[in-house]
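Heads up: the structure comes next, in structure tokens.
What follows draws every value from the coordinates through simple rules; no lab data is involved. Just so it is clear, the model here is predicted, and its values are computed rather than measured. Glycine gets a Cβ as well: all are built from the backbone with ideal geometry, and neighbour counts include every protein chain shown.
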Amino acid sequence: MTCNRMIHPSIRRWGATAIVLVAVIVAAMAGTASAQLPTVRFAWSQYSVHEANTDAPIALVISTPPDVQTWVGVDLTPGTATVGDDFVGGNTVAIFETAGPDTAYAYVQIYNDPDVEGPETILLSISPNPAYYEVGEPSTATLTIIDDDSETPIAHFEYAEDVPTDPWGRLNLAMLPGNTVPVDVVIDFLPPGGTTVYYSSTADGQIHPVVFDSGTRQTIELPAPEIPGGAAYATNDLRLLNPAGKNSIGMWIDLIVFSAATGDPECVACSYAFLYITVLHADCGIIRELCPEAPCITSAAGPSPPGRSAKLLDLASDLATLRDYRDQVLLPSGAGDYYVQLYQDLSPDIATAILQRPALVYRVAATWEQWLPAVAAVVAGQGDSFTITTEMQTNLLNIMTEFQEVGSSTLANYMTQFRAALDLDHIAGQSAATMQSLIESNPMDAEPASWGKLKTLYR
């Protein structure tokens, strides 16, 4: 991913909140040109159907309502399933109406048989039709047929740390390449003689067994997918293939793997944008606005859930507050150049530290949500009326402690120094204005950058 010339200059100019409050994003909300034709993609990279259900719904998503009713073909190719025995081959179609929703369904006809058998797969691909739409990503997907003739219990994924599910019931984990994540597979009950459940993975396109011979919990080690050459990230969508067609909470896990956070701070800002969007569960459009050259995280996108537009509005408001804090409060102060320079130095270390623990991004985001009103109060000149709570202090210190544990020695040293210099152990009960005064009068040694040097950074 090329970042240094394409990111809007204001994404480069953070201040104290990026260092003290951790993982703040400041980006210009630049508009992006819309394509002449709508883009159509699969809502998911994986689908499953219980064999007893004779029609498997396949959700497709269109980027904008079409000008005319649009038929989108889906080609069906045998994987391990057999045409004629397990499903009706050929193709199927989804129809998008001019005033309809962004999601439409194609249906695959499934045959039920009395055989006890393992999961079987059908390969799906969107048929191109350049006169009416462009094919987006994912353009291919897998439909897995789950046997209905065995008594396999319902299963779900569990992760040791608290990870909220997104609107579709998935657990999203952000991490660095080369690592593995231990995840538990838990079943509702253990049948006599044990059982085997299966999960599919987009990293290798395979179906993997998990054998239960004693107990209802098994731990599996999920490797991070490899990042293609030149890419900024890779994803691995894992889905438990539950019987009876039941979608239990936590049957999905998305591993989103980011390149190591080294290089220009502008590219690190793109990494922050990716992480923030992952937590926000927004669509690809907002990523385009944050980093125009960045590819979308297609696996994180699905049929529009309730409340998505509200979340996007929150992000725009957050960014506006951060820009106002930077321009109206931080940069005019005597400490502004110091914090900007420090951000340039520490951004790669902060981004890398967040990715050392797959669930840390959620704790960072939750802490930021608590502190944002304090920043807004300072911008509005009402910092004296905002009192920092014990919970805000505790969560901030916990994040800084984690940064000390997983970050570089340089980042760990700065966390220690900031904790002492800003008296963060005793900030609860103080006002946001007091916090801002401590930031501006920070006694830590620094070699200030000249305004001439700063201007060269922000062109």
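If the segment from Q356 to A428 were pulled out straight at 0.36 nm per residue, it would be longer than the present Cα-Cα gap by 23.1 nm. Among H156, H208, H426, H50, sorting on how many other beta-carbon atoms sit within 10 Å of each Cβ, with the fewest leading, yields H426, H208, H50, H156. In this rough spin-label picture, where each label sits 7 Å from Cα along the Cβ direction, the I95-N112 distance is 2.7 nm.
In this structure the amide hydrogen of S408, modeled in the peptide plane, comes within under 5 Å of no amide hydrogen from residues 5 or more places off or on another chain. Taken along the Cα-to-beta-carbon direction at a fixed 7 Å, the label points for Q382 and T410 span 4.0 nm. Packing, taken as the mean count of other beta carbons within 10 Å per residue, orders the peptides 75-84, 428-437 from highest to lowest as 428-437, 75-84. Shown for T410, T152, T39: other C-beta atoms within 10 Å of each C-beta, ranked fewest to most, produce the order T410, T39, T152.
When both the range 191-241 and the range 375-450 are represented by their alpha-carbon centers, they are found 41 Å apart.
Overall form of the range 39-257: oblate. Here a/c, set by the Cα gyration tensor axes a ≥ b ≥ c, is 1.5 or more, and a/b is not larger than b/c. With each label modelled as a point 7 angstrom along the Cα→C-beta vector, the T165-E134 pair spans 3.5 nm. Close amide-amide hydrogen proximity is noted between E134 and T39, V40, each under 5 Å apart and 5 or more residues distant or on a separate chain (H modeled in the peptide plane; Pro and chain starts excluded).
Per-residue Cβ neighbour counts within 10 Å put D237, D67 in the sequence D67, D237, beginning with the fewest.
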